[in-house]
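Reading through the structure tokens given below for one structure.
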Amino acid sequence: MTAATLALKQRAAWKKLQAHFKVMGRRHLRDVFAEDPDRGVHLTLEAAGIYLDYPRNRVTRRTLELLVELAEESGLRNGVAASPNHDSSTNTLIRRLARTQAEQAAKSVSA
């Protein structure tokens, strides 16, 4: 059985996301901002006419990494491409999200 055929809650990436949520759920947003004052820059994204603004939520770079991991493990990219309603703006958003995530991961490794 592949990861994409497992029930969502049985996937490894989901379990990591749950553990992360337990940690983040107890954190005060003031502390999250103190640890990452640039979150207003790297936790916003605009692509395909959609603007995502996460800084005022308990979302971190790690949260985004885990969400991307879950999407990849779930085969989201292939599912979107196979969708009859799939269009180029969907591809643009997915590529932009993946590129931004990769850039952020590279920055955190080099920092």
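Key figures for this structure:
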read-out: Residue within region 64-84 that is under 17 Å from the mean Cα position of the chain (by Cα), on the phi > 0 side of the Ramachandran plot and at pLDDT below 85 present; value: yes
read-out: Residue, modelled with the highest pLDDT, within region 7-44, restricted to residues that are in a loop (DSSP other than H, G, I, E, B) and either surrounded by fewer than 11 Cβ atoms within 10 Å (Cβ to Cβ) or among the β-branched types (Val, Ile, Thr) (or both); value: His28
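The values are calculated or read from the model by the stated rules, or taken from the named source; none is laboratory data. Computed from a prediction, not measured in an experiment: that's the story for all the values here. Note: ideal-geometry Cβ built from the backbone for every residue, glycine included; neighbour counts use all protein chains shown.
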